[in-house]
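Quick notes on the structure that follows.
The values are calculated or read from the model by the stated rules, or taken from the named source; none is laboratory data. Note that this is a predicted model, so its numbers are computed, not measured. No Cβ is skipped: glycine too gets one built from the backbone with ideal geometry, and neighbour counts run over all protein chains shown. The area values use the complete protein model at the heavy-atom level, side chains included, leaving out ligands, DNA and RNA. Shrake-Rupley method; radii C 1.70, N 1.55, O 1.52, S 1.80 Å.
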Amino acid sequence: MSKLIVGNWKMNCLAEDGTALARGLAEKVKQSSKPSDLALCPPAPLIPLIVEATKNSAVSVGGQDCHWEGLGAHTGDVSASLLADLGCTHTIVGHSERRSDHGETDAQVKAKAEAALEVGLVAIVCVGETEAQRDAGDAEIVIGGQIACSLPTGGTPDTVVIAYEPVWAIGTGRTPSLNEISAIHGFIRGKALESHGLGDGLQILYGGSVKPSNAAEILAIGDVGGALVGGASLTVEDFWGIIESCP
Ligand code: PEP
């Protein structure tokens, strides 16, 4: 299975630079002989522009979040059905910035992931420990709990992707060691099998300060199914450098 590389633009890019970035990547993909599996997750209002900019290319588009209800009175939220209607194929749910900025709970993340599955989107469910939890030796307890309580019921390896993102590695330039990444990905695979029957074929992405200079060694780890990339997904050069690092 090819590695999945997902660009999380967060609250970055305006219409012009976002479109140029997406066009630049779509062009690279078209010119490359190497098959790549990549998705761009722009801010929601940019989705139609990015879908248009990547049309007829192998670049997928995803949301950064979705609401757990189909439609309704939820000011400022975006439904999974609108994401699908606009041409998205994926959506991130439970990113640590949503968990911390908006107090999202595991139960809400699970409901969001189920709403995504309901309309045919692949749910990229984020899990990961804070630095304090890691220092206290609680990383596995935290991640195990997030897996048990945030993954959707009824998901399969084709519809659910887990992104392991240690919170302390996001945007900091710090990453766990390769052995640590390998060990925690193995742990996550075991837990997802135990709690949801998701085992072989489940893609588990690593996220947190992935850049062209460290992508090759991280993506070479057997249990790492790809990367969720924030800062380094904002230029064609850096993001393409990561994509080209796929074994
Ligand atoms: C992220 O927030 O999903 C992320 C991985 O960010 P960065 O790559 O900037 O650490």
Answer from L198, L178, L234, L202 - the residue that is away from the ligand (no atom under 16 Å from the Cβ), farther than 22 Å from A107 by Cα, of a type in the set (A, V, I, L, M, F, W, C) and out of contact with any Cys (no Cβ under 6 Å at 6 or more places or on another chain): L178
Residue match in region 71-83 (condition: within 13 Å of the ligand (Cβ to nearest atom), in a strand (DSSP E or B), touching a His at 6+ places or on another chain (Cβ under 8 Å) and closer than 14 Å to L117 by Cβ): no
The lone exception for E140 - which of (1) more than 16 Å from the ligand (Cβ to nearest atom); (2) of a type in the set (D, E, K, R); (3) in a loop (DSSP other than H, G, I, E, B) it fails: (3)
Residue, nearest to the chain's Cα centre (by Cα), within region 212-231, restricted to residues that are more than 17 Å from S36 (Cβ to Cβ) and within 15 Å of the ligand (Cβ to nearest atom): G230
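Residues checked against (1) more than 15 Å from S96 (Cβ to Cβ); (2) open to solvent by less than 40 Å² (accessible area, probe 1.4 Å); (3) hydrophobic (A, V, I, L, M, F, W, C):
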site: T156; (1), (2), (3): yes, no, no
site: A163; (1), (2), (3): no, yes, yes
site: G171; (1), (2), (3): no, no, no
site: S177; (1), (2), (3): yes, no, no
site: K211; (1), (2), (3): yes, no, no
site: N214; (1), (2), (3): yes, yes, no
site: G230; (1), (2), (3): no, yes, no
site: G241; (1), (2), (3): yes, yes, no
site: P247; (1), (2), (3): yes, no, no
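Rundown of residues vs (1) surrounded by 21 or more Cβ atoms within 10 Å (Cβ to Cβ); (2) away from the ligand (no atom under 15 Å from the Cβ), yes/no style:
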{"residue": "T159", "(1), (2)": "no, yes"}
{"residue": "P166", "(1), (2)": "yes, no"}
{"residue": "R174", "(1), (2)": "no, no"}
{"residue": "R189", "(1), (2)": "no, yes"}
Considering residues of region 55-107 that are free of Cβ contacts under 8 Å to residues at least 24 places away in the same chain and among the β-branched types (V, I, T) only, the residue most open to solvent (accessible area, probe 1.4 Å): T75
Unique match (being among the charged types (D, E, K, R), assigned to a loop (DSSP other than H, G, I, E, B) and modelled with pLDDT under 95) among K10, K30, K34: K34
